[in-house]
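Okay, structure first, notes after.
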Amino acid sequence: MRNPALVGVSLLLCGVFGVAAAQEVYETAVDRSNDVNTERTMDQGRRIFRFATFGDESFWGDTLGLHKAIEGAPLGGVGDGVSPATALAVGLKVDVDALPPAVIEALKQGQVDLNSPATTLTLLKLNSVVGVTGFFNEQGTLRSVGIQCALCHSTVDNSFAPGIGHRLDGWAARDLNVGAIIALAPDLSFFANLLGVDQATVRMVLNAWGPGHFDAELALDGKAFRPDGKTSAVLIPGAFGLAGVNLHTWTGWGSVTYWNAFVANLEMHGKGNFFDPRLSDASQFPVAARAGFDNVRNEPDLVTPKLAALQFYQLGIPASKPPAGSFNAEAAESGKEVFNGAGKCAGCHVPPLFTEPGWNMHTPQEINVDDFQANRAPDKRYRTSPLKGLWTHMKGGFYHDGRFATLLDVVNHYDQSFSLGLSDQQKSDLVEYLKSL
């Protein structure tokens with residue numbers, strides 16, 4: 001039974017000081033320490049995301065010799081080299097904030113040779129190529145090259161010129177032709193031996209990926225093409241708006257931290273530790289099981305110490321808001337009603353996460369698509385992808401492999417699959433709402 005005296009005191013305090021005062025949060029010394037730690041960790045994570053190679057330059061340089069292809073024969077490498085024009089054409093980006101004022105002015109005046117590999121080396125020396133780090137000899141020649149998270153999960157705002165601007169971390173690099181870049185390496189024997197094919201076949205597979213695609217499972221199961229003959233590579237997903245989302249990537253696999261460790265060790269080929277006994281299943285992952293990817297150990301470990309701050313930064317990147325005028329606001333309001341009502345979208349894409357809070361996975365049958373990509377993952381399911389920032393994904397299509405060219409195609413797929421009976425106006429309004437998220 002409640003004490004009448006205490007109830008009276010509580011009512012008196014609320015009456016004198018107001019209810020808001022009772023709910024006020026006071027900052028303590030511990031709170032201030034936490035704030036300092038938060039800011040420091042965010043800064044560390046940002047630096048890791050943008051600049052940490054995890055020691056992978058020993059793979060991209062020493063093993064594949066990719067730096068030689070970038071230099072070109074005239075500068076001591078092989079082939080024609082990679083000019084800035086070529087680099088931009090395959091989707092690489094330049095961080096304008098890393099360029100000195102003199103270089104920016106020379107670019108404005110057209111005094112920079114964008115068709116010379118020597119200019120690419122200069123940009124690498126300035127650490128201005130997003131997601132790529134050059135390692136140079138004392139003589140100024142390129143001795144190796146490494147890559148970062150930002151290579152596939154950042155772009156620029158094109159504020160200076162197409163492909164040159166301020167960084168946009170977390171955005172999917174839908175212009176980036178990862179396969180074509182890797183295929184430039186003069187020595188692909190690592191992949192040839194891993195997959196049991198010749199280097200010409202490896203290059204053919206890589207060049208089939210196309211812009212904005214990457215096949216993280218190729219080095220696990222060796223499946224280069226789908227049954228319909230199309231590449232098994234999937235669209236590069238965004239890395240923003242993931243706070244509160246349980247699983248990540250198109251087919252789940254694990255959390256942000258898991259995927260960072262997976263990619264840093266098995267895809268970027270950094271020097272760290274990684275453990276996932278699921279990859280020892282030779283029936284599902286024959287290549288990974290044979291290569292021992294289920295239990296990777298390196299000393300020193302250049303990956304694990306960076307995972308906490310990297311995760312913190314990624315979870316702190318909000319989904320980018322759509323620019324004004326990019327959608328019909330009035331139609332979007334009507335579309336919101338369709339989303340939460342007749343369209344039944346909110347049943348899985350639960351606002352405000354726009355994915356299920358909890359186990360956000362579904363069988364292929366539940367979403368009426370084929371099971372090829374799902375079967376390449378341990379859970380053999382597809383994740384309910386969060387929808388915020390969809391407007392940034394207009395290039396390349398929708399779903400894991402871009403099979404739906406437009407958002408209207410996605411809406412039509414569900415309208416038919418679930419017999420929703422949406423009108424053309426409802427579909428149109430729903431698309432505007434999706435663009436507004």
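Report whether or not residue 374 is open to solvent by less than 30 Å² (accessible area, probe 1.4 Å) and over 30 Å from residue 52 (Cβ atoms).
When the stated conditions are applied, residue 374 passes them.
Which residues, taken from the stretch 235-260, are among the β-branched types (Val, Ile, Thr) and either assigned to a loop (DSSP other than H, G, I, E, B) or open to solvent by less than 20 Å² (accessible area, probe 1.4 Å) (or both)?
Correct list: 236, 245, 249, 251, 256.
Which condition breaks for residue 359 when tested against (1) surrounded by fewer than 15 Cβ atoms within 10 Å (Cβ to Cβ); (2) over 22 Å from the mean Cα position of the chain (by Cα); (3) assigned to a loop (DSSP other than H, G, I, E, B)?
The failed condition is (2).
Restricting attention to the stretch 187-227, which residues are assigned to a helix (DSSP H, G or I), out of contact with any helix residue (DSSP H, G or I) (no Cβ under 6 Å at 6 or more places or on another chain) and under 23 Å from residue 393 (Cα atoms)?
208
Does the stretch 287-305 include one or more residues that are touching a Gly at 6+ places or on another chain (Cβ under 8 Å) and acidic (Asp, Glu)?
There is at least one residue in the stretch 287-305 that is touching a Gly at 6+ places or on another chain (Cβ under 8 Å) and acidic (Asp, Glu).
Can you work out which of the residues in the stretch 377-404 that are in a loop (DSSP other than H, G, I, E, B), over 23 Å from residue 225 (Cα atoms) and among the aliphatic types (A, V, I, L, M) is most open to solvent (accessible area, probe 1.4 Å)?
Per the stated criteria, the residue is 394.
Output the residues belonging to the stretch 151-168 that are open to solvent by less than 40 Å² (accessible area, probe 1.4 Å), of a type outside the set (Gly, Ala, Ser) and in contact with a helix residue (DSSP H, G or I) (Cβ under 6 Å, 6 or more places away or on another chain).
Answer for the stretch 151-168, where residues must be open to solvent by less than 40 Å² (accessible area, probe 1.4 Å), of a type outside the set (Gly, Ala, Ser) and in contact with a helix residue (DSSP H, G or I) (Cβ under 6 Å, 6 or more places away or on another chain): just 164.
Looking at residue 240 and the list (1) more than 26 Å from residue 363 (Cβ to Cβ); (2) more than 14 Å from the chain's Cα centre (by Cα); (3) hydrophobic (A, V, I, L, M, F, W, C), which single condition is not satisfied?
Looking at each condition in turn, residue 240 falls short on (2).
Quick one: which residue in 197, 205 is modelled with pLDDT of 95 or more, buried (at least 17 other Cβ atoms within 10 Å of the Cβ) and more than 21 Å from residue 262 (Cα to Cα)?
After ruling out the rest, the residue left standing is 205.
Any idea how many residues of the stretch 289-304 are outside any loop (DSSP other than H, G, I, E, B) and either closer than 16 Å to residue 37 by Cα or in contact with a Pro (Cβ under 9 Å, 6 or more places away or on another chain) (or both)?
Residues in the stretch 289-304 being outside any loop (DSSP other than H, G, I, E, B) and either closer than 16 Å to residue 37 by Cα or in contact with a Pro (Cβ under 9 Å, 6 or more places away or on another chain) (or both): 1 in total.
Among the residues of the stretch 23-79 satisfying the criterion of being aromatic (Phe, Trp, Tyr) and farther than 23 Å from residue 191 by Cβ, which is most open to solvent (accessible area, probe 1.4 Å)?
26
Take residue 82 and tell me if it is crowded, with 20+ Cβ neighbours inside 10 Å and touching a strand residue (DSSP E or B) at 6+ places or on another chain (Cβ under 7 Å).
Criteria not met by residue 82.
Pick from the stretch 312-322 the residues that are open to solvent by less than 60 Å² (accessible area, probe 1.4 Å) and not aliphatic (A, V, I, L, M): which of them is nearest to the chain's Cα centre (by Cα)?
314
What is the number of the single condition among (1) within 20 Å of residue 152 (Cα to Cα); (2) open to solvent by less than 40 Å² (accessible area, probe 1.4 Å) that residue 221 does not meet?
Among (1) within 20 Å of residue 152 (Cα to Cα); (2) open to solvent by less than 40 Å² (accessible area, probe 1.4 Å), residue 221 violates only (1).
Scan the stretch 337-347 residue by residue and report those that are closer than 15 Å to residue 423 by Cα, of a type outside the set (Gly, Ala, Ser) and either in a helix (DSSP H, G or I) or open to solvent by less than 30 Å² (accessible area, probe 1.4 Å) (or both).
Passing the criteria: 337, 338, 339.
The values are calculated or read from the model by the stated rules, or taken from the named source; none is laboratory data. Predicted model only: the values in this text are computed from it and were never measured. Reconstructed Cβ throughout: ideal geometry from the backbone, glycine too, with neighbour counts over all protein chains shown. With ligands, DNA and RNA removed, areas are computed over all heavy atoms of the protein, side chains included. Shrake-Rupley method; radii C 1.70, N 1.55, O 1.52, S 1.80 Å.
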